[in-house]
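Here it is, the structure in full.
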Amino acid sequence: MNWDWEKLQKQRQGQHSPGGPPNFDDLQQQFEKFKRFKAPGWQFIILILVGLWLLSGIYIVDPDEVGVVKRFGAFDRVTASGPHYHIPYPVESVLTPKVTQIQRVEFGFRSVGSSRLSTFQQGQSREVPEESQMLTGDENIVSVQFIVQYMIKDAKDFLFNVYDPTGTIKHAAEAAMREIIGKNKIDDALTTGKQRIQSETRDLMQFILNNYKTGVQIVAVQMQNVHPPEQVVEAFKDVASAREDKSRFINEAEAYQRDILPKARGEAARIVNEAQAYKGAKVRKAQGDANRFLAVYEEYRKAPSITKKRLYLETMENILSDPAAEKLILSDDALRKSVPYLPLEKLPRAGKTAPAKQ
Amino acid sequence: MKKTTIAIAVAILLGALVLTQSMFTVDETEQALVLQLGRPVGDKALGPGLHFKIPLIQNVVYFDARILDFDAQPEEITTTDKKYMNVDSYSKWLIRDPLKFYQKVRTIQGAQARLDDIVRSQLRVALGRYTLIEVVSLKRKEIMDALTERTRELIEPYGIDVIDVRIKRTDLPPENARAIFGRMKAERERQAKQYRSEGREAAAKIKATADKERTILLADAKKQAEIVKGAGDAEATKVYANALSKSPDFYEFTRSLEAYRNGLKNSTRFIMTPDVPFLKHFR
């Protein structure tokens, strides 16, 4: 060590005069001086080394960490964030686990470009069927992709109690999720039961991990994508569209109902109204006819015979004045003779024919 | 003076050497056993902290004090209902008695080999008594508890304590899984059919009801129409009768005239004799 030091000093001397040639006198003088200070130098070095050794006990605990100090390997104390001091190696050592950070583990899938903070996105991840497929309580198979978020609750337990805390969390998560899914029916897992399954899995996981004294707190178990296995997914989708079809059929029928019933009501109203119109018209016509008859009758009563004659003649005139009416007047004798054979068909049909005269 | 310095230095060096050889630390994650020429000293393992031993004749063996893993290979098991399943289990264990552990299995690998034997056979025994659905769902916890208990008893002589034996995965071999997929498919197809038929059923009912209502509505309307018409006819008849009854003869006369006028229109051929009252004066 001594030799090293001298050498170092020599080098330093050399560096002090980087320009021109080294001055041997000066060098010699310095060397002598150095020799004289040899003993205090030793102590100084030791002092520095001791100082450095003592300084190595300073450590800083970040806000997201705690300091766990071990003395001769045994747990001694936990320190909060900020600067701290421990007796330097080999007496004490410190570990600073990150206790506020929430860790995330994926099951049944792996995020592509897996960042711990990335969220689940379909197509952006790769499925791991052997992890995701599990048996349900009604002997069906369902594919469950989920994540577990956890944080360190007890740094001491986390560091010292379990050989592989992360592996243990994975084991517990798989065992718990499968146990809970095994208790549920496939339809619950696919639809309404998710929330309950998540919280039951979280509780069971926490129970298992507490049993191992891992010092881990499960923050959340979140099912990301729960779907029937690929082999049967089409059939499941068809059920959904069948359900849609069902309501479509019903809607169509209701549309039909809503279409024809108002039409029928309109038709019914028309029929009734027509009948009422008929009634109104009929009654009014009767009243009119009656009134007319009564009016004529009033006058007739005053001079029945002459009125009757007048009406008769007027009517006959009216009838016979029709140019299309053929008139044939026969005497009684002629009629009597011709009755057995009256060739009506051969009689001229022209309207202008003069009446036959006897 | 120089000699004494050297002597002191040598003494310090020797002292340091002896000290470092006689002191040892055990980490929080470890436990240790001190052996004196191969024979264990004391009947208890040493916990974490600073400890002393006699150099040269005593040596220290370290053991993990943490809970350790044993992740078993998936095991194909036949259930009582003659179904096959692959059961993947894991065990959590720790070294309870390092001396026994050291004597019987020595290393963690040795312990895991023992655990493998025990868990494997116990799993077969335990699961062979249950049906698949009991293993998966109904009696899982019960089975695991019994499994843990039995394994714990059997592994205890090795200085090992089992905390938990847990069934992780229960998978079906591919051919059984295919059968299940087939069944699932059939179930869903049945369900889909049911939905569609239910839809058609409901639709047919709604349509039929609508048709029925329409028919009844129209029939009602027609009925009402006939009633109204009848009432109209009746009223008209009454009105006629009231008026005409004043002089049925005159009515008959006038009505006959009107009927002649209407009935004898257009190219009617009249063959008359002069006896007709109309031609009275013609003669």
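A short reminder: the numbers here are calculations on the coordinates, not readings from a lab. Small disclaimer: the values here were computed from a predicted structure and weren't measured. Every residue, glycine as well, gets a Cβ built from its backbone with ideal geometry; the counts of neighbours run over all protein chains shown.
Provide the per-residue ³J(HN,Hα) series for the range B:50-61, in order, calculated from phi with Karplus coefficients 6.51, -1.76, 1.60 and θ = phi - 60°, each as a whole number of Hz, with x at glycine and proline positions.
8, 9, 10, 8, 8, x, 6, 9, 10, 9, 10, 10
Once you compute Rg and the Kirkwood Rh from C-alpha atoms, what is the Rg to Rh ratio for the range B:195-255? Let's see the in-between values first.
Working: Rg = 24.9 Å, Rh = 15.8 Å.
Taking Rh as the inverse mean 1/r over Cα pairs, Rg/Rh reads 1.58.
May I pose another question? For helix B:108-127, what angle does its Cα long axis make with the longest principal axis of chain B, in degrees from 0 to 90 and rounded to 10?
So the inclination is approximately 40 degrees.
At a 10 Å Cβ-Cβ cut-off, how would you order B:Ile167, B:Ile8, A:Ile102, fewest neighbours first?
Values: B:Ile167 24, B:Ile8 10, A:Ile102 14.
In increasing order of surrounding Cβ atoms, one gets B:Ile8, A:Ile102, B:Ile167.
What's the Kirkwood radius of the range A:211-252 in Å, using all Cα pairs?
Numbers: mean 1/r = 0.0706 Å⁻¹.
Radius from the Kirkwood sum: 14.2 Å.
List the residues whose amide H sits under 5 Å from the amide H of A:Lys153, counting only those 5 or more places along or on another chain, with H placed 1.01 Å from N in the peptide plane.
HN-HN under 5 Å from A:Lys153: A:Val216, A:Gln217.
Something else: Bin width 10 Å, alpha-carbon pairs only: give the P(r) of the range B:130-200 as whole percents, running from 0 to the bin holding the largest distance.
Whole-percent P(r) values from 0 Å outward: 17, 26, 23, 17, 10, 5, 2, 0.
Sticking with this structure for a sec: Cβ under 11 Å from A:Ala286's Cβ, A:Ala286 left aside: what net charge do those residues give with Lys, Arg +1 and Asp, Glu -1?
Neighbourhood net charge equals +3.
Report the equivalent ellipsoid semi-axes for the range B:33-125 in whole Å, largest first, defined as the square roots of five times the eigenvalues of the gyration tensor built from alpha carbon atoms.
Its equivalent ellipsoid spans semi-axes of 39, 12, 9 Å.
Using a simple charge model, +1 on the beta-carbon of Lys and Arg, -1 on the beta-carbon of Asp and Glu, nothing else, what dipole does the range A:120-245 show about its Cα centre, in debye to the nearest 20? Mind showing how you got there, number by number?
Values: 13 positive and 19 negative charges, 125 e Å.
Here the size comes out at about 600 debye.
OK, next. What are the ³J(HN,Hα) couplings of the range B:203-215, residue after residue, when phi is run through the Karplus curve with 6.51, -1.76, 1.60 and θ = phi - 60°? Round to Hz, x for glycine and proline.
Taking θ as phi minus 60°, the curve returns 5, 4, 4, 4, 5, 4, 4, 5, 4, 4, 4, 5, 4 Hz for the range B:203-215.
Sticking with this structure for a sec: Could you tell me how many degrees, from 0 to 90 and to the nearest 10, lie between the Cα long axis of helix B:140-155 and the main elongation axis, the longest principal axis, of the Cα atoms of chain B?
10 degrees
Check A:Asp76: other-chain or 5+ apart residues with amide H under 5 Å from its amide H, H built from backbone geometry?
Close amide H contacts, sequence-distant or interchain: A:Val69, A:Lys70, A:Arg71.
Now a separate question. Please list the non-local residues whose amide H lies under 5 Å from the amide H of B:Ile271, H modeled 1.01 Å from N, same-chain partners needing a gap of 5 or more.
Long-range HN contacts for B:Ile271: A:Leu328.
Over all directions, how big on average is the projection of the convex hull of the alpha-carbon atoms in the range A:191-308, in square nanometres? Intermediate results must be reported in sequence, preceding the final value.
Numbers: hull surface 67.4 nm².
Computing the convex hull of the Cα atoms and averaging its projections yields 16.9 nm².
Still on this structure, I have one more. Could you tell me which GluC sites (Glu not before Pro) in the range B:203-283 are loop residues by DSSP with no more than 16 other beta carbons within 10 angstrom of their beta carbon? Intermediate values should be presented prior to the final figure.
Numbers: sites: B:Glu213, B:Glu226, B:Glu235, B:Glu252, B:Glu258; in loops: none.
Of the GluC sites (Glu not before Pro), not one in the loops of the range B:203-283 has a Cβ with at most 16 other Cβ atoms within 10 Å.
Between the range B:21-49 and the range B:181-240, how far is it from one alpha carbon centroid to the other, in angstrom?
94 Å
For the range A:158-249, treating each Cα as an identical point scatterer without solvent, what Debye log10 I(q)/I(0) comes out at q = 0.21, 0.24 1/Å?
Relative scattering, expressed as log10 I(q)/I(0), comes to -1.00, -1.16.
Right, something else. If one takes the longest principal axis of the Cα atoms in chain B, at what angle in degrees, from 0 to 90 and to the nearest 10, does the Cα axis of helix B:248-263 lie?
Orientation of helix B:248-263: about 80 degrees from the principal axis.
So what's the protein assembly as shown giving for Cα Rg divided by 2.2 N^0.38 Å, two decimals? Before the final figure, lay out each step's value.
Numbers: Rg = 59.6 Å, N = 641, 2.2 N^0.38 = 25.6 Å.
In units of the globular-protein estimate, the protein assembly as shown measures up at 2.32.
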